[in-house]
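The values are calculated or read from the model by the stated rules, or taken from the named source; none is laboratory data. Predicted, not measured: the structure shown is a model, and the values here were computed from it. FYI the Cβ positions are ideal-geometry reconstructions off the backbone, even for glycines, and counts take in every protein chain you see. Surface areas here come from the heavy atoms of the whole protein model, side chains and all, with no ligands, DNA or RNA. Shrake-Rupley method; radii C 1.70, N 1.55, O 1.52, S 1.80 Å.
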Amino acid sequence: AGPELHIGHRAAMDVMEYQLEPSWKALTQLRQRILIADAVGLGKTLEAGILLSELIRRGRGKRILVATVKSMLTQFQKEMWARFSIPLVRMDSDAIQRLRSKLPSNHNPFHYFDKTIVSIDTIKQDTDYRVFLENAWWDIIVIDECQNVAARAGEEGVSRRARLARMLATRSDTLMLLSATPHDGSARSFASLMSLLDPTAIGDPDDYTPEDFRHKGLVIRRFKKDIR
């Protein structure tokens, strides 16, 4: 058990105790920066929702940005609303264009709604989008399916997705990364995710062990066999 939870465990679901652990772990830290890397089927989205609910209850979740892959937008949005009553406004290119037509040209559409969900690929392609993001601040940023923004082994330079994630990591105190497959076998790739949470977590991205960052409380990773 960890810090007392006020609300997260009362979501519209049958909460298992292990699903409270990411919140316990994160809430003992000064800044909530965590990679939730549980295996498929253990409930990463729910674990993120529990922590979001707790932070909102504590007055530290007014502004929330969720970035995910296009195929997960609707599911994530629905789960947050149905289970946790957290409303996320979908900000796709059309929504941004509609907002921009209503707002003065110097207004940032991301200031208009407090809680939004966006597709990583939409924001990766649109330079206007990135400028708006760079000039906004959130209480919490969630990057779902974060393996998509890791630096890839053998890649020349840094992909646009990885650059985008680096920028987002600076736009909020609280950062949650979610992935069932955070490790593609490359030390450098996993280190790039760790550096989003804490740039000092790993000294040498080509040569480190889990012991180097275990005490920092940045990762929670369980498999089905651990939970049984």
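Tabulated results
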item	result
Residue pairs meeting the criteria (Cβ under 6 Å; at least 6 apart or on separate chains; first among the acidic types (Asp, Glu), in the stretch 12-39; second surrounded by 18 or more Cβ atoms within 10 Å (Cβ to Cβ))	Asp38/Lys44
Residues of the stretch 89-123 satisfying the condition of being open to solvent by less than 40 Å² (accessible area, probe 1.4 Å) and assigned to a helix (DSSP H, G or I)	Ala95, Ile96, Leu99, Pro109, Phe110, Ile120, Asp121, Thr122, Ile123
Exclusive hit being assigned to a loop (DSSP other than H, G, I, E, B) and either crowded, with 21+ Cβ neighbours inside 10 Å or not acidic (Asp, Glu) (or both), set Gly49, Gly41	Gly41
Residue within the stretch 137-149 that is open to solvent by 70 Å² or more (accessible area, probe 1.4 Å) and modelled with pLDDT under 95 present	no
Number of the condition not met by Ile86 [criteria: (1) part of a loop (DSSP other than H, G, I, E, B); (2) loosely packed, with under 15 Cβ neighbours inside 10 Å]	(2)
